[in-house]
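A quick write-up on the structure given underneath.
Read-outs throughout are calculated quantities, based only on the coordinates presented, and are distinct from any laboratory measurement. These numbers come from a predicted model, not from an experiment.
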Ligand code: PAF
């Protein structure tokens, strides 16, 4: 595995792959890798000849008071994990490499980014789309892989690619979960053992939504009520939203379909956690 921090080196590597006729898949991350990221690498390897992973804690997507400084980092361990899973190039840019002095252009999402995460984290998606667009330009991948856990993010990236007529495929990879259903996230390290138990309530509520679907329930409010019953007794879990939305625009629906997304967000102690399912598929 090759590691690089500079754009010129990245471009040289990319040119060499092009000259060899090889396709490239990109896995953008913020480091502190877990099995969820490594599942993205596995998918990327299935879809392209070479895999680039970027590891960059993107300051632009953190709001004031969020955990930019505390965000967990372990570059040495990430390097080992990336290497062992078959990443070909690990790109580790500095902030000034990604955003040269004076850079001020942002990519702003449309209506699909206004509500839910967009409301609780103003500016977050501008930061995500700006860094992802920059990475797309630098790496010029044929394929890019993102996790379903951040489903609104993945949807906005897909829409950006469609709207800007980018010639690349965005692949959304199912969420990887702990044994009790908790979605893997770098932020799970913030949880105390007691909070960790309650955090699993989020996936428990999503599993209940799927049960409701299987029982024949098609009314969105009734599904939310069943989820609230699961979350009701959890004192450490401060629910921020339950979204029952259509998958392209993230607009609320009153009657659900197989493709309806049910997404949840909650604060549990220091951690802000998100999770979601496609209703008919349930926890994946
Ligand atoms: O999902 C993430 O880890 C980040 O939002 C991403 C896509 C790497 C952009 O910084």
In the chain the DSSP beta bridges are antiparallel at a rate, in percent to nearest 5, of 50
Here the range 66-147 gives, from Cα atoms, an Rg and Dmax in Å of 15.1, 40
Output for the range 104-175 (equivalent-ellipsoid semi-axes, sqrt of 5λ from the C-alpha gyration tensor, Å, descending) is 19, 15, 10
The rounded separation in angstrom of the Cα centers of the range 178-230 and the range 116-148 is 26
Over the chain, the sum of -39500 (n - 2.57) across DSSP H runs of at least four, divided by residue number and rounded to 500 deg cm²/dmol, gives at 222 nm -11500 deg cm²/dmol
Taking Cα atoms only, helix 35-47 is inclined relative to the longest principal axis of the chain by an angle, in degrees rounded to 10, of 60
In degrees rounded to 10, the 0-90 angle between helix 124-139 Cα long axis and the longest Cα principal axis of the chain is 30
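To the nearest µm²/s, what D does Stokes-Einstein give for the chain at 37 °C and 0.692 mPa s, using the Kirkwood radius over alpha carbon pairs as Rh?
Reported coefficient: 167 µm²/s.
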Length-normalised contact order of the range 164-274, Cα under 8 Å, at least 6 apart, in percent, tallies to 26
Share (percent) of C-alpha pair distances in the range 43-97 greater than 20 Å works out to 38
Which of 233, 102, 63 fluctuates most in a GNM of the chain (C-alpha springs under 10 Å)? That residue is 102
By the Cα gyration tensor axes a ≥ b ≥ c (a/c under 1.5 gives rounded; else a/b larger than b/c gives prolate, otherwise oblate), the shape of the range 1-67 is oblate
Quick calc of log₁₀ I(q)/I(0), the range 139-198, Debye, one scatterer on every Cα, no solvent, q values 0.16, 0.17, 0.25, 0.28 1/Å, result -0.63, -0.67, -1.01, -1.16
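Normalising by the residue count of the chain, find the relative contact order in percent from Cα pairs under 8 Å and 6+ residues apart. If you can, show how the numbers build up before the last one.
Details: 515 pairs, mean separation 49.7, N = 284.
Value for the chain: 18 percent.
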At 20 °C in a medium of viscosity 1.002 mPa s, the range 93-230 has a Stokes-Einstein diffusion coefficient, with Rh taken as the Kirkwood radius over alpha carbon pairs, in µm² per second, of 122
Cα pairs beyond 14 Å in the range 230-284, in percent, come to 57
Note: the range 1-156 at 25 °C, 0.890 mPa s; Kirkwood Rh on alpha carbon pairs; Stokes-Einstein D in µm²/s works out to 152
Measuring from the longest principal axis of the C-alpha atoms of the chain, the long axis of helix 220-231 (C-alpha) lies at a number of degrees, nearest 10, equal to 90
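Hey, any idea what Rg/Rh is for the range 163-246, computing Rh the Kirkwood way over Cα pairs?
1.06
Please state the relative contact order of the range 66-188 as a whole percent: Cα pairs under 8 Å, 6+ residues apart?
Averaging sequence separation for qualifying contacts and normalising by length gives 21 percent for the range 66-188.
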